[in-house]
Amino acid sequence: MLKGSSDKTVTVEGNIVRGPETRRAYAEAALVKLAFPGEVKTDVPTVATYTDFDPEPTWILTLPNADQAMLVKQLLDGKG
């Protein structure tokens, strides 16, 4: 089940990191701090999957491997 726009969770699926727009600047800073290649891009939500609210814009970051994605998430979660 998709969570509402109040959700501030950053998720990792393999080498892909996603999060809410409110945490985009943190993702960009983590990318710079770790000196990883990539660019934080806007991820357009699939509106058909939402039924009771307007989805918050999200960002997506695709990295070369899953280990890098986990390091970015750890930084965003305050564990890095």
Q) In sequence order, what are the phi-derived ³J(HN,Hα) couplings for segment 12-26 according to the Karplus relation 6.51 cos²θ - 1.76 cosθ + 1.60 with θ = phi - 60°, rounded to whole Hz, with x for glycine and proline? A) 10, 10, x, 9, 10, 10, 10, x, x, 4, 5, 10, 4, 4, 5
Q.
Please report the net charge: other residues with Cβ closer than 12 Å to the Cβ of Thr62, K and R +1, D and E -1.
A. -1
Q.
Quick check: pseudo-label points 7 Å beyond the Cα along Cα→Cβ at Ile16 and Lys79, how many nm apart are they?
A. 2.2
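Every read-out reported here was derived from the displayed coordinates using simple, explicitly stated rules and does not represent laboratory data. Model, not experiment: these values are computed from the prediction. Cβ coordinates were reconstructed from backbone atoms using ideal geometry, including for glycine residues, and neighbour counts include every protein chain displayed.
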